[in-house]
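Below: one structure, written as structure tokens.
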Amino acid sequence: MRFLVVGGLGFVITMGINYGLKLFVIPQHPVTALMIGTAVATVVSYVLNKKWSFGDRGELHTGHEMLLFLIVSVIGIALNSAPLWISRYVLGFGVPNVSRAGQELADFVSGAVIGTLIAMGFRYWAMNRFVFPAARTTTPTVPTTATGSRPLVGTETAD
């Protein structure tokens, strides 16, 4: 649940920056606007995931952990942006092929919905597996006899 809360906050940050850039600064570069928004949200996500979502984990050295987080995040940004890029530049859901409203709807569905779901699934898996792995537990080994069977407790083996 904590991962989802952090993800929700990241989504709000991403969309706020994305639409601010897309509408007022770089309207001709929607994929870039989404990537910048996602990158900023990723920095916030790292801090919150490290301290709150996966606070009981993270036995890796911080530098190593940050490098893994960066790699996972770059892949996540690419996965998040790919559906928008496909929508705009492969399928042609942009003005003049569609109306401005159609373009914005396609951008939202492909980037904010589909891209976010794909990236979220990947990030959750990768964060659990690589960046903030669960602490490893060791299981005690039981000695065996020369025949491979386990000795009974309190018995002596003859050589």
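Here are a few things to note about the model shown:
- Which listed residue, of PRO83, PRO30, is modelled with pLDDT of 95 or more and open to solvent by less than 40 Å² (accessible area, probe 1.4 Å): PRO83
- Among residues that are surrounded by 14 or more Cβ atoms within 10 Å (Cβ to Cβ) and of a type in the set (Gly, Ala, Ser), SER99 is not included.
- Residues that are touching a residue at least 24 places away in the same chain (Cβ under 8 Å) and open to solvent by 30 Å² or more (accessible area, probe 1.4 Å) within segment 13-27 comprise ILE13, ILE17, listed in sequence order.
- Among the helices (runs of 4 or more DSSP H) confined to segment 1-118, the ones with at least 3 residues that are within 15 Å of PHE132 (Cβ to Cβ) are located at 2-20, 30-48, 62-85.
The values are calculated or read from the model by the stated rules, or taken from the named source; none is laboratory data. These figures come from a predicted structure and were not determined experimentally. Note: ideal-geometry Cβ built from the backbone for every residue, glycine included; neighbour counts use all protein chains shown. Heavy atoms of the whole protein, side chains included, go into the accessibility calculation; ligands, DNA and RNA do not. Shrake-Rupley method; radii C 1.70, N 1.55, O 1.52, S 1.80 Å.
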